[in-house]
Amino acid sequence: MTSLGHYPTPVEPIPGLSAPGCALWVKRDDLTHDVYGGNKVRKLEYLLEDARAHGARRLVTVGAVGSHHVLATTYFGSKAGFEVEAVLVPQPGNEHVIEVLRADLALGLRAFPVGSWGAAPWAILGRIARGARFITVGGSSAVGSLGYLEAGRELAAQVRAGQLPEPDVCVVALGSGGTAGGLAAGFAAEGLRTRVVGVCVSTPPWVLALTASHLARTCARAAGVRGARLSMDTRFLGAGYGYRTREGDEATELARAHAGLGLDPTYTAKTFACALWFVRARQAKSVLYWHTLSSAPMERLLAGAPTEQELPSHLRALALPI
């Protein structure tokens, strides 16, 4: 297995946001890579290895127009010698969404826009028929989720080394389900009692819950264990995927002021808001927030990128007005 990231990623306390009897910690998976970090790096180590094993030369994946998974797949896939394609779906637009799209194109992504998630499977099948190896949304397949099975083992080693107490709950974004499911299996494999709380960031919630539970069971079987502890929290979703919330905006300011963390409104702001709820409600003695958004500066990915005005109109239109 070729390692793409820098491990183990640090764990840090956030004393300014902790409460009497309840400590808040952060797992810094934003630091998995210097150019583009975040949670997709761990998954892509397994996914790219799998693609090589199948003799693939071209990859196709799918995501919203501002998808971090699409950007990570484009960067790491291109570096590994693959041609990368993606079927892109509309989402509420903002400056960050446009920046991600610009970086995709600068890195050589071949983009295929569709009008809705319902239209995506047909476009994906068309690319597979032309020889591309499919990587599922978020990289959250049975293969990709193994990256977070190993991440769970990594956290357990840090607990045993005394770097942090065993968390009662680990709060992480739940979009495609692979990160939450893999972590739950990894904790079970290492004998941790930590419950993973996946914060729902998309709809319909029942699909997310079903997918994450399936991936947790699949990873647990791969590790030869049972009893992965995973639940989902839907309270912080707001109007849906990509829409900011009042709680998320508050969480963004607090994370910046007390931990130096940058959050995005789609995933991490809602997730950190949930972690803060657990602390404020004294629902645990130790809460771990798993930070999944890359903190690497985007400038290196934007070298040679088209300006917003230079974006093809059919791609720019995918960033919907809010």
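Quick note: the coordinates plus some simple rules give every number you see, no bench work behind them. Bear in mind that the values here come from a model prediction, so they are computed numbers and not experimental data. Positions of Cβ are generated from backbone atoms using ideal geometry, with glycine treated the same way; all protein chains shown enter the neighbour counts.
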* Can you work out ³J(HN,Hα) from phi for every residue in the range 129-146, in order, using Karplus 6.51 cos²θ - 1.76 cosθ + 1.60 and θ = phi - 60°, giving whole Hz and x for Gly and Pro? -> 4, 8, x, 7, 8, 7, 10, 5, 3, x, x, 8, 9, 4, 6, x, 5, 4
* Return Val114, Val41, Val207 ranked ascending by Cβ neighbour count within 10 Å, so the fewest neighbours appear first. => Val207, Val114, Val41
* Which residues' amide hydrogens lie under 5 Å from the amide hydrogen of Met232, considering only partners 5 or more residues apart or on another chain, with H built in the peptide plane? -> Gly198
* Asked: Got a sec to turn the phi values of the range 32-38 into Karplus ³J(HN,Hα) couplings, 6.51 cos²θ - 1.76 cosθ + 1.60 with θ = phi - 60°, whole Hz, x for Gly and Pro?
  -> 5, 8, 6, 9, 8, x, x
* Asked: Quick one: helix 268-280 against the long Cα principal axis of the chain, what's the angle to the nearest 10°, folded into 0 to 90?
  -> 10
* Structure fact -> Expressed as a whole-number percentage, the relative contact order of the chain with C-alpha contacts under 8 angstrom and at least six residues apart is 24
* By the gyration tensor of its Cα atoms, with a ≥ b ≥ c the square roots of the eigenvalues, what is the shape of the chain: rounded for a/c under 1.5, prolate for a/b over b/c, or oblate? -> prolate
* **Under the Karplus curve 6.51 cos²θ - 1.76 cosθ + 1.60, θ = phi - 60°, whole-Hz ³J(HN,Hα) for the range 107-113, x wherever Gly or Pro sits** => 8, x, 4, 9, 9, 10, x
* To do: Calculate how steeply helix 246-259 sits against the longest principal axis of the alpha-carbon atoms of the chain, using the helix alpha-carbon long axis, and give the answer as 0 to 90 degrees to the nearest 10.
  => 70
* To do: Name the residues whose placed amide hydrogens come within less than 5 Å of the amide hydrogen of Ala23, ignoring near sequence neighbours (fewer than 5 apart) on the same chain.
  => Ser286, Val287
* To do: Please return the longest stretch of the chain lacking exposed loop sites, where trypsin sites (Lys or Arg not before Pro) count only if DSSP places them in a loop and at most 15 other Cβ atoms lie within 10 Å.
  => 58-129
* Structure fact -> Volume per residue (Å³) of the convex hull spanned by the alpha carbons of the range 40-139 is 80
* Asked: Could you give the angle, 0 to 90 degrees to the nearest 10, between helix 95-106's Cα long axis and the longest principal axis of the Cα atoms of the chain?
  -> 50
